[in-house]
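Since the structure comes first, as structure tokens, the remarks are kept for the end.
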Amino acid sequence: MNTLDFVCVGPQRTGTSWLDKLLRYHPELCLPKNVKETMFFDRDYEKGIEYYWDYFSDRQSNQRCGEIGPTYFDSSIIPNRIQAINPNCKIIINLRNPISRALSSYHHHLGKGRVKGTFTDAIAQIPRIIDAGRYQLHTTRWLETFGADQVSFLLLEDIEFEPERVLSQLYEFLDVSTIEMPDLGKKRIGEATSPKYPLLAKVAAQSATWLRSNRLHHVAELGKALGVTKVYRGGERSLPDLTIDERYQLIEHYESDIAFLEKLLGRDLSPWRQA
């Protein structure tokens with residue numbers, strides 16, 4: 001019988017790729033074959049649940065089934081879609097300083113050729129760059145849908161400085177055995193780079209999206225393995241930083257979200273308020 005046991009809902013740029021690699025290493029967990037993000041609950045939901053279960057056709061009887069979906073976090077409809085499949089599904093939410101997350105998201109879209117110009121220019125083109133950092137709004141939605149006992153929070157700072165502890169606590173939350181963290185979990189979590197040829201980067205990103213949406217994940221991965229990304233990255237360029245005004249605007253913008261998390265998690269997050 002198919003069941004969805006857990007979903008890491010993101011948001012993006014919070015260490016979800018690291019988490020995907022580590023969870024795939026655990027013998028009691030099954031994640032989607034050939035792809036990190038199925039995007040089923042947002043992009044492909046109309047294709048039906050059997051389409052989704054096919055991603056887990058390699059699942060063993062003793063394995064818990066789940067996925068990493070960093071685009072799910074800020075959706076108003078996806079929590080209910082997941083709940084309809086399994087109201088007992090466990091939800092993992094990765095969080096980081098919302099200012100640095102927004103900057104990382106800007107760099108990511110810049111690297112894919114999706115935006116141009118400054119940070120301020122970029123958020124006009126893709127408002128989600130900052131909207132996904134509205135932690136109070138989006139976190140409350142998940143908590144109200146699944147309940148506090150079914151939601152676990154991971155902070156990127158903890159992943160970077162105490163990865164073994166984070167992983168051990170996550171295994172306990174998922175109700176699987178604790179295993180030693182492999183060396184791949186100790187590697188530095190990467191950030192985006194700015195391509196030398198933005199137009200080529202945009203075409204490559206759009207092509208990869210089309211391939212994956214048509215379940216040609218192996219073709220997209222083959223292109224990556226053959227060095228397609230190296231072509232448009234070229235010598236790469238330094239990434240633009242936030243201006244001091246942009247930083248102060250974001251600190252003010254996210255103040256209520258930071259205060260909300262401090263109360264919810266019982267942690268001092270004052271470093272997130274530093275310009």
Excluding near-sequence neighbours (fewer than 8 apart on one chain), the range 46-193 holds lysine pairs with C-alpha atoms under 29 Å apart numbering 6
Which of 30, 89 comes first, and how do the rest follow, when ranked by fewest Cβ neighbours within 10 Å?
89, 30
Charge tally for neighbours of residue 9 with beta carbon under 12 Å away, counting Lys, Arg as +1 and Asp, Glu as -1, is -1
Below 8 Å between Cα atoms, with a sequence gap of 6+, how large is the relative contact order for the range 1-57 in percent?
30
Interchain or sequence-distant (5+) residues whose placed amide H lies within less than 5 Å of the amide H of residue 29 are 64
Quick one: which of 253-264, 13-24 comes out on top by average Cβ neighbours within 10 Å, and what's the full order, highest first?
13-24, 253-264
Evaluate the distance, in nm, between pseudo-label points positioned 7 Å from the Cα of residue 118 and of residue 263 along their respective Cα→Cβ axes.
3.5
Cα gyration tensor shape of the range 1-51, rounded if a/c is under 1.5, else prolate or oblate by comparing a/b with b/c
oblate
Rounded, prolate or oblate, given the Cα gyration tensor of the range 135-187, with a/c below 1.5 counting as rounded?
oblate
Just tell me which aspartates and glutamates come within less than 13 Å, Cα to Cα, of residue 263; anything on the same chain fewer than 8 places away is out.
255
For the range 1-97, rounded, prolate or oblate, judged on the Cα gyration tensor with a ≥ b ≥ c (square roots of eigenvalues), a/c < 1.5 rounded, else prolate if a/b > b/c?
oblate
Work out from phi, with θ = phi - 60° and the Karplus expression 6.51 cos²θ - 1.76 cosθ + 1.60, the ³J(HN,Hα) of each residue of the range 157-167, listed in order in whole Hz, and give x for Gly and Pro.
4, 5, 4, 6, 9, 9, x, 5, 5, 4, 5
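Each reported figure results from applying straightforward, stated rules to the coordinates on display, with no laboratory input. Every value quoted in this text rests on a predicted model; they were computed, and no experiment measured them. Heads up, the Cβs are rebuilt from the backbone with ideal geometry, glycines too, and the neighbour counts pull from every protein chain shown.
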